[in-house]
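In what follows, a structure is listed as structure tokens, so that the remarks can point back to it.
The values are calculated or read from the model by the stated rules, or taken from the named source; none is laboratory data. These figures come from a predicted structure and were not determined experimentally. We place every Cβ from the backbone using ideal geometry, glycine too, and count neighbours over all the protein chains shown.
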Amino acid sequence: MSPHRADDAARNPLRHRLDQRLPRVAGPCGMVLFGVTGDLSRKKVMPAIYDLANRGLLPPGFGLVGFARRDWADQDFAQIVHDSVREHARTPFREETWKQLAEGIRFVAGDLGDPEAYQTLKGVVQELDENRGTGGNHAFYLSIPPGLFPVVLEHLRTSGLAEDRPEAWRRVVIEKPFGHDLASAQELNRIVGEVFSSGSVFRIDHYLGKETVQNLLALRFANTMFEALWNSHFVDNVQITMAEDIGIGGRAGYYDGIGAARDVIQNHLLQLLALTAMEEPLSFAPDDVRAEKEKVLRAVHLPRELGKHSSRGQYATGWQGGIPVKGYLEEEGISPDSNTETYAALRVDVDNRRWAGVPFYLRTGKRLGRRVTEVAVVFKRAPHLPFEKTAVQELSNNAFVFRIQPDEGITVRFGSKVPNTSSVQVRDVTMDFQYGESFVDSSPEAYERLILDVLLGDPPLFPRHEEVELGWEILDPVLDFWASHGKPDQYVSGGWGPHSSYDMIARDGRTWRRP
Ligand code: BG6
């Protein structure tokens, strides 16, 4: 919360509560984007900036500075932004929004390691301060390979660009992966901490920007009927799935050597686990929520026999949407003997009173049957079923499913009598909540929410370095185990993962949900 809003809240709590429902508009500021040629910048960051401008949430004088080793003038970069907006923005293209945004677009051509380029950048942001009223408030968005973070941070420091001033803020936005293991994450956090104060560091886990993910906490803690069941007395297991139907596309350079566990489990899936399993926070103040998330992540333990409780795979050739697709090892830029996994599944246990004995299964993969992310809380069977065996043979466990995407909503699965049968027959039915039916407005993209929060200086949706390090503490032993135990299994593109993933859950007497 900005000091201004905090004062306001103290003076008039009721007005503050009402203000929360009004759109929050960023004050005078600008953003410097490093890595303008990358996929993420073009598909997510630039369109989100336009969408915010289109919704009237950016200051009219907003400045956007691209920085790259390209021989471009301001207009060339503006054209890149324009094309990306045209192709990927969520909201309609409006000439007047674009014109206003384009007036604040600048480009600095330079090498990330060249001190002179940062002097040029300094001149450009000063010019924006003078001509567009950006007020010295600048966010530096590092959408670059993590190996380049240190050099950019160092130059931001020595050039004075990162220097906080009493009347203006400087913030840094870091895209994952935050390191590739615990030691490198700690080192990265140390380097960032030397340049920016902890309140000025915004680590993006875009899953936290999704409305459906934020709803996990609202649903758990704003209602009475779920929380009573949310524990080991009633829950049999929890399955957290992030499945994608796409392959690695043009991202070989990023993905190979990283793999599914580092790319998705370390961040998105552990965040979903934390939100599903954490205790009620004292309040929704950022530190209270993060403290509970950290507490539950500290309670996460791996099973002793990792070979039996984890699985990894690589997609082989197959079919996707009726089209034949290449296997991972045939993708452009991938070495034919790469060991990088494109599918990863893992059982973890949460060793606290609430969850003792309830396995949490995490899985993610590319080129699976369809794109779906969900958190399924699977309940125990009723202790006694007073029916004929044949009456309940089609009944499975009750389940509560948060459908994170793409079909956003919630499903409750339970048994119901089949009508019109002479003997009792019980079968699974579902009750569905769909966002689209209850709420008229379409949800903003995660990046819109997160970029706006950076510009407002609102930290709750950004993981602290402790959470990032806890994620690596959990994952490192699995990665080490895999590194010393052969190669990933192959799985058919368009299917649901390697055999070993079915075996690992079958060993516990359970099956994966078919989303
Ligand atoms: C990113 C991963 O964090 O999330 C990508 O690096 C993945 O590999 C992407 O494709 C998926 O995001 P979403 O929002 O489409 O589920």
- Positions within segment 191-210 being surrounded by fewer than 19 Cβ atoms within 10 Å (Cβ to Cβ) and assigned to a loop (DSSP other than H, G, I, E, B), in sequence order: SER197
- Item | Qualifying residue in segment 480-493 (condition: part of a helix (DSSP H, G or I) and either modelled with pLDDT under 95 or touching a helix residue (DSSP H, G or I) at 6+ places or on another chain (Cβ under 6 Å) (or both)) | yes
- Task: Please indicate, with yes or no, whether at least one residue in segment 435-442 is at pLDDT 95 or above and in contact with a strand residue (DSSP E or B) (Cβ under 8 Å, 6 or more places away or on another chain).
- Result: no
- In segment 194-231, the residues that are of a type in the set (Asp, Glu) and away from the ligand (no atom under 16 Å from the Cβ): GLU194, GLU227
- Message: For segment 158-170, check the following and say yes or no: at least one residue is in a helix (DSSP H, G or I) and more than 16 Å from the ligand (Cβ to nearest atom).
- Response: yes
- Query: Any idea which of (1) under 23 Å from the mean Cα position of the chain (by Cα); (2) closer than 19 Å to ARG403 by Cα is the one VAL201 doesn't satisfy?
  - Reply: (2)
- Check THR364 against each of (1) among the polar types (S, T, N, Q); (2) closer than 30 Å to PRO498 by Cα; (3) away from the ligand (no atom under 16 Å from the Cβ); (4) in contact with a helix residue (DSSP H, G or I) (Cβ under 8 Å, 6 or more places away or on another chain) and name the one condition it does not meet. (3)
- Before we move on, is HIS16 in a helix (DSSP H, G or I) and at pLDDT below 90? yes
- Message: Pairs needed: first member in segment 483-508, within 30 Å of GLY322 (Cα to Cα); second member anywhere, surrounded by fewer than 19 Cβ atoms within 10 Å (Cβ to Cβ) and among the β-branched types (Val, Ile, Thr); C-beta distance under 9 Å; at least 6 residues apart or different chains.
- Response: VAL492/THR317; SER493/THR317; TYR502/THR511; ILE505/THR511
- Message: I want to confirm something. Restricting to segment 432-449 and keeping residues that are more than 16 Å from the ligand (Cβ to nearest atom) and among the polar types (S, T, N, Q), which single residue is surrounded by the most Cβ atoms within 10 Å (Cβ to Cβ)?
- Response: GLN434
- Selection count, segment 489-515, where residues are under 18 Å from ARG347 (Cβ atoms) and over 25 Å from the mean Cα position of the chain (by Cα): 13
- Mind listing just one residue for me: the one in segment 406-431 that is assigned to a strand (DSSP E or B), in contact (Cβ under 8 Å) with a residue 24 or more places away in the chain and crowded, with 17+ Cβ neighbours inside 10 Å and, of those, farthest from the ligand (Cβ to nearest atom)? VAL426
- Going through segment 333-353 in order, the residues found to be in contact with a strand residue (DSSP E or B) (Cβ under 9 Å, 6 or more places away or on another chain) and in a loop (DSSP other than H, G, I, E, B) are SER338, ASN339, THR340, GLU341, THR342, ASP351
- Message: Any residue at all in segment 497-511 that's touching a Gly at 6+ places or on another chain (Cβ under 8 Å) and not in a helix (DSSP H, G or I)?
- Response: yes
- With respect to PRO463, is the statement that it is surrounded by fewer than 17 Cβ atoms within 10 Å (Cβ to Cβ) and under 22 Å from the mean Cα position of the chain (by Cα) true? no
- Lone unmet requirement of (1) outside any helix (DSSP H, G or I); (2) farther than 30 Å from GLY327 by Cα for PHE221: (1)
- Can you tell me which residue in segment 151-192 is nearest to GLU469 (Cα to Cα), limited to those that are touching a residue at least 40 places away in the same chain (Cβ under 8 Å) and small (Gly, Ala, Ser)? ALA185
